[in-house]
Amino acid sequence: MQAIRNFFRPAWTSTERLEGKTVLITGANTGIGKQTAVDLARRGAKIIMACRDMEKAQAAAKEVKESSGNDNIVCMKLDLADSKSIREFAQAINQGESKLNILINNAGVMVCPYGKTADGFELQIGINHMGHFLLTYLLLDLIKRSAPARIINVSSMIHSWGSINLEDINSEKSYDKQKAYAQSKLANVLFTRSLAQRLQGTGVTAYSLHPGVVQTDLWRHLSGPQRFLMKFASPFTKSSAQGAQTTIYCAVEPALENESGGYYSDCAPANCSAAGKNDVVAQKLWELSCQMLNITWE
């Protein structure tokens with residue numbers, strides 16, 4: 001079984017060091033977020049683990065420190081389902097950190113039952129897209145001052161099954177949890193594309209990626225037949241460590257220094273869907289996101 005998993009292991013390694021760099025990872029207490037934290041900590045970076053559950057975060061931070069041999073690991077509370085929490089978190093980062101070289105928007109929810117965030121957004125679009133959109137906006141000045149810097153949005157190949165419903169972004173008229181998830185992952189790709197265009201000439205680059213089919217806590221909301229299929233396919237899935245590799249690649253690979261706005265999979269450029277390249281929809285989504293979050297971001 002391990003041999004099958006090894007078949008999917010990306011043929012990419014790097015000895016790139018990150019001493020003196022600060023990295024912020026959302027959802028870093030579990031899955032690929034935690035594995036990303038371990039790897040980048042081993043490279044010498046200061047790691048800020050932004051997590052909703054501080055008890056789990058502290059336990060994960062202890063593991064990251066032990067695995068990496070790096071004690072420069074900080075846990076901070078961040079609830080991406082609440083703009084008040086996001087603003088308080090961003091304020092603390094802006095006041096407490098002199099630089100932010102790498103922002104990894106990794107946290108997410110998947111095919112969950114219908115629910116809404118504190119701000120009234122459907123959970124998947126609210127956490128996976130709106131929360132990270134607002135967080136990036138609030139931290140962008142610090143990131144620009146830290147250039148060269150990178151912003152990485154963890155999406156999914158599922159984005160190719162999605163479409164952006166600008167008339168019902170919160171799925172209030174009808175809710176299909178798979179479609180809502182695909183919409184949120186497409187939003188990640190379109191956000192990256194728009195962001196890259198706006199950041200030209202700043203020294204800040206942006207990337208979106210598909211980590212692979214990874215066995216993580218995101219599976220917890222899968223229902224009977226879906227859960228059975230995923231269990232059946234488990235020998236062909238990636239471990240969390242393998243699933244983290246493309247995020248790490250986008251964070252450290254020197255060859256990407258002058259690339260921005262692209263979509264990556266298995267530590268290499270990949271083709272996203274036609275919908276993921278639609279600049280008209282990307283602009284409309286950008287404007288709608290700003291309107292719903294009550295921010296001005298040209």
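The values are calculated or read from the model by the stated rules, or taken from the named source; none is laboratory data. Remember, predicted model here, so these are calculated numbers, not experimental data. Don't worry about glycine lacking a Cβ; one is built from the backbone with ideal geometry, like all the others, and counts go over all protein chains shown.
Listing for the model above:
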| quantity | calculated |
| --- | --- |
| Condition met for residue 16 (in a loop (DSSP other than H, G, I, E, B), among the charged types (D, E, K, R), modelled with pLDDT of 95 or more and over 20 Å from the mean Cα position of the chain (by Cα)) | yes |
| Count of residues meeting criterion [among the basic types (Lys, Arg) and closer than 30 Å to residue 245 by Cβ] in segment 73-123 | 2 |
| The one condition in (1) modelled with pLDDT under 95; (2) over 18 Å from residue 33 (Cβ atoms); (3) surrounded by fewer than 16 Cβ atoms within 10 Å (Cβ to Cβ) that residue 200 fails to fulfil | (1) |
| Only listed residue being outside any helix (DSSP H, G or I), of a type in the set (A, V, I, L, M) and buried (at least 22 other Cβ atoms within 10 Å of the Cβ), chosen from 127, 169 | 169 |
| Where residue 114 falls short, out of the listed (1) crowded, with 18+ Cβ neighbours inside 10 Å; (2) farther than 27 Å from residue 261 by Cβ; (3) in contact (Cβ under 8 Å) with a residue 60 or more places away in the chain | (1) |
| Of all residues in segment 141-166 being assigned to a helix (DSSP H, G or I) and crowded, with 22+ Cβ neighbours inside 10 Å, the one that is farthest from the chain's Cα centre (by Cα) | 143 |
| Helices (runs of 4 or more DSSP H) (entirely within segment 210-298) containing at least 1 residues that are at pLDDT 85 or above and not aromatic (Phe, Trp, Tyr) | 240-243, 245-252, 279-293 |
| Test: residue 192 is at pLDDT 90 or above, under 26 Å from residue 86 (Cα atoms) and not in a helix (DSSP H, G or I) | no |
| Any hit, segment 136-153, residues being among the small types (Gly, Ala, Ser), in contact (Cβ under 8 Å) with a residue 24 or more places away in the chain and under 22 Å from residue 280 (Cβ atoms) | no |
| Hits in segment 51-104 (condition: buried (at least 20 other Cβ atoms within 10 Å of the Cβ), over 24 Å from residue 39 (Cβ atoms) and in contact with a strand residue (DSSP E or B) (Cβ under 7 Å, 6 or more places away or on another chain)) | none |
